[in-house]
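Please read the structure below before turning to the comments.
Derivation of every value follows stated rules applied to the coordinates shown; laboratory data play no part. As the structure is a computational prediction, the values presented were derived from the model and not from experiment. Reconstructed Cβ throughout: ideal geometry from the backbone, glycine too, with neighbour counts over all protein chains shown.
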Amino acid sequence: MKNNLEKFILALILIAFATGVSNAQDCGVKRWDVKTLSDFDTTYINFNHIVHSTVHYQINLPKPIGQNTFRMKLEDTVYSIECYIIAFKKETDDKDIHVVIEDPKTKQTMVAEVISWECMSVQKTSRVKQFKELDEWFAENIGTPKTKFTYLTNPKLVRLTGVGFFDFFHGQKGMSPNGREIHPVLSMELIYK
């Protein structure tokens, strides 16, 4: 009897330990390693060279042809963009925060994605702490994302920094005509004017 009780307690301890340690989730699919900076080609990105840009410029870049799996040209640059956040939601499939951003001058929109630091592939990157801090900053300064879109009655002017990315079309709200996104966002700061 005592031996069975010990086995039962040991099994409970192992289950509790495994659950606590593997809190990480497996998240996205389509070009997920490129989206999360866990692909080999991430080593070609110069994170210290940030190019100032606009939503207008990004959505006018030439759309790539075909469905590539590797990191393409124009996906190896870090951009800084001043824009309005007009809407956001938490994606149910990949756990990203889908953010609709707007150009202050032209009112054109595109998507920016704050990736989930809880995903296994993200936890293997050198930027997991940065992504966790961004997630916390977003909740404190913009709002806590829910699975339905939150539309801001007073859009927030921010400067976001992130890596350019071309996504395929699957009905994303705010998506630019060329599929251009900032994915992942690396940092954000509020701009007060």
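Among the lysines, which fall within straight-line cross-link reach of Lys63, defined as a Cα-Cα distance under 29 Å, with same-chain neighbours fewer than 8 residues apart omitted?
In chain and number order, the partners are Lys30, Lys35, Lys73, Lys89, Lys90, Lys95, Lys105, Lys107, Lys148, Lys156, Lys173.
With a sphere of radius 12 Å drawn around the Cβ of Ile115, what net charge do the other residues whose Cβ falls strictly inside it have (Lys, Arg +1; Asp, Glu -1)?
Cβ neighbours under 12 Å give a net charge of -3.
Set the Förster distance to 45 Å, then compute FRET efficiency between Thr92 and Asp41 from the Cβ-Cβ distance, nearest 0.05.
Plugging the Cβ-Cβ distance into 1/(1 + (r/R0)^6) gives 0.95.
Packing-wise, with mean Cβ within 10 Å as the measure, how do 77-87, 117-127 rank, highest first?
77-87, 117-127
For Phe169 and Asn60, FRET efficiency with R0 = 25 Å and r from the beta-carbon atoms, rounded to 0.05?
Rounded to the nearest 0.05, the efficiency is 0.90.
From the square roots a ≥ b ≥ c of the eigenvalues of the alpha-carbon gyration tensor of the stretch 128-176, which class results: rounded (a/c under 1.5), prolate (a/b over b/c), or oblate?
Note, shape of the stretch 128-176 comes out oblate.
Below 11 angstrom from the Cβ of Leu160, what's the summed charge of the other residues (Lys, Arg +1; Asp, Glu -1)?
Local net charge: -1.
Quick one: grab the alpha carbon gyration tensor of the stretch 27-190, order the square roots of its eigenvalues as a ≥ b ≥ c, and give me rounded if a/c is under 1.5, else prolate or oblate depending on whether a/b is larger than b/c.
Rounded is the answer for the stretch 27-190, as its axis ratio a/c remains below 1.5.
List every residue whose amide H lies under 5 Å from the amide H of Leu186, counting only residues 5 or more places away in sequence or on a different chain, with H placed 1.01 Å from N in the peptide plane.
Thr161, Gly162, Val163
Label the stretch 62-140 by shape, choosing from rounded, prolate and oblate, from the square roots a ≥ b ≥ c of the eigenvalues of the Cα gyration tensor; if a/c is under 1.5 it is rounded, and otherwise prolate applies when a/b is larger than b/c, oblate when it is not.
Taking the square roots of the gyration eigenvalues as a ≥ b ≥ c, the stretch 62-140 is oblate.
Within a Cβ distance under 13 Å of Thr42, other residues only, what is the Lys/Arg minus Asp/Glu net charge?
My count for the surroundings of Thr42 gives 0.
How far is it, in nm, from the label point at Lys193 to the one at Thr69 when both lie 7 Å from their Cα along the line to the Cβ?
Result for the modelled spin labels: 4.4 nm.
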